[in-house]
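The values are calculated or read from the model by the stated rules, or taken from the named source; none is laboratory data. All of these numbers come straight from a predicted model, not from anything done at the bench. Cβ placement follows ideal geometry from the backbone for every residue including glycine, while neighbour counts extend to all protein chains displayed.
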Amino acid sequence: MLEKLVIFGIGYVLGTRAGKERFDELVETAKKFAARDEVQMAVSLATGFLEERFNSTAERMRAA
């Protein structure tokens, strides 16, 4: 999925005159979104959850 988005982005930039400008706008929008407190909190919660699950699974695999 990510590969398709990257390929689309490259094609968009190379295929249009204003592509670079639009791409830069999209990047700036994504950066602003990622910097929002709500997004950072969600990322932190998800990271903590995934680390906990990974560690729990690793412990069970070591015990087996």
ask   = If you take the residues in region 7-25 that are surrounded by fewer than 12 Cβ atoms within 10 Å (Cβ to Cβ), of a type outside the set (Gly, Ala, Ser) and assigned to a helix (DSSP H, G or I), which one is modelled with the lowest pLDDT?
value = Leu14
ask   = Mind checking which residues of region 19-64 are within 27 Å of Phe8 (Cβ to Cβ) and of a type in the set (A, V, I, L, M)?
value = Leu26, Val27, Ala30, Ala34, Ala35, Val39, Ala42, Val43, Ala46
key: Enumeration of residues in region 26-58 that are of a type in the set (Asp, Glu) and either touching a residue at least 12 places away in the same chain (Cβ under 8 Å) or surrounded by 10 or more Cβ atoms within 10 Å (Cβ to Cβ) (or both)   = Glu28, Glu51, Glu52
